[in-house]
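Structure first, commentary second.
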Amino acid sequence: MNHSVDVNWICQVLYQACIRILFGTKISAWISATSLMYFRLLLAVSVAGLDLQAQEMGPREDFEIGGLKAFVWLPPETSRVEGKTPWVWYAPTFATRLPGKEEHWMINLFHREGIAIAGIDVGESYGSPNGTARYQKFFEHLTKQRSFSSRPVLLARSRGGLMLYNWAVEHPKSVAAVAGIYPVCDLRSYPGLAKAAGAYERSTAELESDLERLNPVQRIESLAKEGVPILHIHGDQDRVVPNDQNSAALAKNYRAAGGKMYLHIFPGQGHNMWEGWFRSPLITEFVITHARGKNADATTLKKTVMAGYQGWFNCEGDGARLGWKHWARGRKGTLGPGNVTVDLWPEMSEYRSEQRYASEFRLADGSAAEVFSSADAETVGIHFRWMRDYGIDGAFLQRFANGFSNKPLMANKDRVLQNVRESALRFGRNYAVMYDLSGVRAGEVKRVFDDWQKLRATVTEDPNYLHLDRRPLVAVWGVGFADDRPYSLEECADLISQLKSSGCAIMLGVPTYWRTGQRDAVAAPELHDLLKQADVISPWSVGRYRTEEQAKQHAEKTWRADQAWCNESQLDFLPVVFPGFSWRNLKGPEARSIPRNRGEFLKMQISAAKQVGCEMLYVAMFDEVDEGTAIFKCTNDPPVGPGAEFANYEGLPSDYN
């Protein structure tokens, strides 16, 4: 039996058992994929033996400002960064009681990344003007006297939400991001106006009449205007600080004001010290990314490098019931000699055991060669962490439009999309949905808009969903190709009109010679009129040149003129570059390949694009091992033996690209 089947089953049983036994909460037999994902992530931390509390902790200094107790907890010297100290502002702080021991794992993780944590005890201020003024003095002390960053991440837990939000709305330019763990956002919900009135030095009636100026949930516009990203995690069983009156209400108001906020709900959780709150990968990675200033700009494509992300790999035992999709020719068979379609083999050393699926191929040491599934949230998280660590700004998630009527395929597409959404949030990468029209039959293009309408209400509110001029970007690939596609330009024009009318920015993936109407492009006068309705033009160039010299010539003869046309039409031009090409196992031993030349082929394309004035790049692809265009980590030691013929990275490190 595949070991991953056991892990999936064990995680579901343990998740249900823990919820029932520890918290006594009735839950349905069905576990949401997202919540199960987080339980698996937390379980994996324990399985991996990642005991951050055993690591050296930095020094904590307790001191006073204006008679109020405050603390600064610096990372150990070995982890500190040059320049201003990145920091997390934690609230509430009550003398030495908070942060509590349950939160030390999270603090150690911040310390490992060179991030300090600090806070001040202003008593039960409930975010009152007096408390906010004391917060400002604390901020000025840290930034002016201790060389702390001028833009901390605010980490608000429980009633710390009232305190930090009321300071933040008055100093929006000083906030890198806000992370909330069941935070109070509405005075009416907690502690109630009668109890809060004293801290605000008002009567209950006076406080009620002044709520629009004093209540965080009602005064969030300044943060939205500044584009501050917000993430909250909350339990659906919270009776002390109910989600619908606090996090959900703030999310509604923030989005209405034009802000971007992500809200994750933990089913079965209330207002407690469950360790899952403080080990949530969403919270920890989100805080680290923004405290260290590693988040990409989701408001533009200018000066960005984007990658295509297929996310189409499945494995037997991953829960999708799609077999070895995109690994094997016969996905219901066994991945092994005679049944394989990929030319590169992924480097699997950074994946945990429960993320690896054994094939029938063997490595040189005799062990089973393993692969990954895009349906696994942790796996997608690794990929987006690589994007962050290696300077790729984000990804276009491929969403093929020819499988919308297939329920298992659609469930898997949605699962991968959810993985991408949360991975982009964790690691500060941009993403946008790219609809690929390949395989769509006549009359089916309209399904794209129907699908987008279902997605739009959720994905476009993500802080990391790519927007142009405040409009969510939707990419449509496969417009104008001269390869006898059954759908028409008229259908594409109707789709573009619908998307544009609904307030979207539009990117079109077009053939290489779209401008001249030659070779791979239709010679239709209406194509240019259609393209001018878009915002971004991205011509497909994979396979159109084979050497560095040809790539350079292509840039001079084609991209330069393409860029000029787009400039004149006030459109963005996004050229496609690729590292090489190989599809021997997909098409047969006679299939042509394009050598990588130890990275020189890709390097020349990037240089040539820059020389002709291109301001953005699309790398095809991040994870496509099928056609040998992947740029993520692949191994130089692929499977060996009969039926195992794979390309590699020519002896270069797996992260050389």
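Can you work out which of the residues in segment 546-567 that are open to solvent by less than 10 Å² (accessible area, probe 1.4 Å) and small (Gly, Ala, Ser) is nearest to ARG515 (Cα to Cα)? Spell out the reasoning first.
Of segment 546-567, the ones open to solvent by less than 10 Å² (accessible area, probe 1.4 Å) are 551, 555, 559, 562, 566.
Applying the additional criterion that residues be small (Gly, Ala, Ser) yields 551, 555.
On the way: ALA551: 18, ALA555: 14 Å.
Once the filter is applied, the top-ranked residue is ALA555.
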Kindly indicate which of ASP51, ASP121 is of a type in the set (Asp, Glu), modelled with pLDDT of 90 or more and over 24 Å from the mean Cα position of the chain (by Cα). ASP121
Among GLN570, GLN518, GLN533, the single one that is surrounded by 13 or more Cβ atoms within 10 Å (Cβ to Cβ), among the polar types (S, T, N, Q), in a loop (DSSP other than H, G, I, E, B) and under 32 Å from the mean Cα position of the chain (by Cα) is GLN533
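So, in segment 203-218, how many residues would count as being farther than 13 Å from CYS185 by Cβ, open to solvent by 10 Å² or more (accessible area, probe 1.4 Å) and in a helix (DSSP H, G or I)? Can you show your working first?
Let us first name the residues in segment 203-218 that are farther than 13 Å from CYS185 by Cβ, namely 203-210, 212-213.
Applying the additional criterion that residues be open to solvent by 10 Å² or more (accessible area, probe 1.4 Å) yields 203-206, 208-210, 212-213.
Cutting the leftovers down to in a helix (DSSP H, G or I) gives us 204-206, 208-209, 212-213.
Final tally of qualifying residues: 7.
With PRO486, PRO511 as the choices, which residue is exposed (fewer than 14 other Cβ atoms within 10 Å of the Cβ) and farther than 30 Å from PRO229 by Cβ? Walk me through how you get there before you give the answer.
Details: PRO511 fails: exposed (fewer than 14 other Cβ atoms within 10 Å of the Cβ).
When all the criteria are applied, what remains is PRO486.
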Does at least one position in segment 378-392 carry a residue that is closer than 29 Å to VAL476 by Cβ, small (Gly, Ala, Ser) and out of contact with any helix residue (DSSP H, G or I) (no Cβ under 7 Å at 6 or more places or on another chain)? yes
Suppose the filter is among the polar types (S, T, N, Q), in contact with a Gly (Cβ under 6 Å, 6 or more places away or on another chain), modelled with pLDDT of 95 or more and within 30 Å of SER502 (Cβ to Cβ); does SER538 pass it? yes
Can you work out which of the residues in segment 287-313 that are within 16 Å of the chain's Cα centre (by Cα) and assigned to a helix (DSSP H, G or I) is nearest to LYS325 (Cα to Cα)? THR289
Tally the residues that are in contact with a Lys or Arg (Cβ under 8 Å, 6 or more places away or on another chain), open to solvent by less than 10 Å² (accessible area, probe 1.4 Å) and not small (Gly, Ala, Ser), restricting the search to segment 108-123. 2
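Where in segment 219-286 are the helices (runs of 4 or more DSSP H), entirely inside, with at least 2 residues that are open to solvent by less than 30 Å² (accessible area, probe 1.4 Å) and more than 27 Å from PHE384 (Cα to Cα)?
Working: elements: 221-226, 247-256, 275-278.
Qualifying helices (runs of 4 or more DSSP H): 247-256.
Only one residue in GLY543, GLY580 is buried (at least 20 other Cβ atoms within 10 Å of the Cβ), on the phi > 0 side of the Ramachandran plot and not aromatic (Phe, Trp, Tyr), so which one is that? Step through it out loud before you land on a result.
Working: GLY543 fails: buried (at least 20 other Cβ atoms within 10 Å of the Cβ).
None of the other options fit; the residue is GLY580.
Looking at ASN402, ASN412, can you tell me which residue is within 17 Å of LEU322 (Cα to Cα) and modelled with pLDDT under 95? Walk me through it before giving the result.
Working: ASN412 fails: modelled with pLDDT under 95.
Step by step, each of ASN402, ASN412 is checked, and only ASN402 is within 17 Å of LEU322 (Cα to Cα) and modelled with pLDDT under 95.
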Any chance ASP318 is part of a loop (DSSP other than H, G, I, E, B), among the acidic types (Asp, Glu), open to solvent by 10 Å² or more (accessible area, probe 1.4 Å) and in contact with a Ser or Thr (Cβ under 8 Å, 6 or more places away or on another chain): no
Given the structure, is LEU437 closer than 30 Å to LYS303 by Cα and modelled with pLDDT of 95 or more? yes
Kindly indicate which of TYR200, TYR126, TYR190 is open to solvent by 50 Å² or more (accessible area, probe 1.4 Å) and either at pLDDT below 95 or part of a loop (DSSP other than H, G, I, E, B) (or both). TYR190
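Return the total of residues in segment 91-107 being assigned to a helix (DSSP H, G or I) and crowded, with 22+ Cβ neighbours inside 10 Å. I'd like the intermediate steps shown before the answer.
Of all residues in segment 91-107, those assigned to a helix (DSSP H, G or I) come to 101-107.
Retained after the next criterion (residues that are crowded, with 22+ Cβ neighbours inside 10 Å): 106-107.
Looking only at that region, the number is 2.
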Anything in segment 540-558 that is under 33 Å from the mean Cα position of the chain (by Cα) and among the β-branched types (Val, Ile, Thr)? List them, or say none. VAL542
Given (1) over 20 Å from TYR618 (Cβ atoms); (2) in contact with a Cys (Cβ under 6 Å, 6 or more places away or on another chain), GLY503 misses just (2)
Which members of segment 337-387 meet the condition of being hydrophobic (A, V, I, L, M, F, W, C), outside any loop (DSSP other than H, G, I, E, B) and open to solvent by less than 30 Å² (accessible area, probe 1.4 Å)? PHE361, ALA369, VAL371, ALA377, VAL380, ILE382, PHE384, TRP386, MET387
Filter segment 419-442 down to the residues that are touching a residue at least 40 places away in the same chain (Cβ under 8 Å) and open to solvent by 40 Å² or more (accessible area, probe 1.4 Å) and list them by number. ARG441, ALA442
Could you check segment 583-596 and list, in sequence order, the residues that are within 29 Å of THR304 (Cα to Cα) and surrounded by fewer than 23 Cβ atoms within 10 Å (Cβ to Cβ)? TRP583, SER593, ILE594, PRO595
Could you tell me whether any residue of segment 632-649 is out of contact with any Lys or Arg (no Cβ under 7 Å at 6 or more places or on another chain), among the polar types (S, T, N, Q) and either assigned to a strand (DSSP E or B) or under 18 Å from ARG544 (Cα atoms) (or both)? no
Of all residues in segment 132-175, count the ones that are among the basic types (Lys, Arg) and crowded, with 18+ Cβ neighbours inside 10 Å. 4
Among the residues of segment 597-611, are any open to solvent by 20 Å² or more (accessible area, probe 1.4 Å), in a loop (DSSP other than H, G, I, E, B), farther than 18 Å from GLU350 by Cα and of a type in the set (Lys, Arg)? yes
Tell me yes or no: at least one residue of segment 395-406 is in contact (Cβ under 8 Å) with a residue 40 or more places away in the chain, open to solvent by less than 10 Å² (accessible area, probe 1.4 Å), in contact with a Cys (Cβ under 8 Å, 6 or more places away or on another chain) and assigned to a strand (DSSP E or B). no
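The values are calculated or read from the model by the stated rules, or taken from the named source; none is laboratory data. Since this is a predicted model, take the numbers as computed values, not measurements. Neighbour counts run over all protein chains shown; Cβ positions are idealised from the backbone, glycine included. With ligands, DNA and RNA removed, areas are computed over all heavy atoms of the protein, side chains included. Shrake-Rupley method; radii C 1.70, N 1.55, O 1.52, S 1.80 Å.
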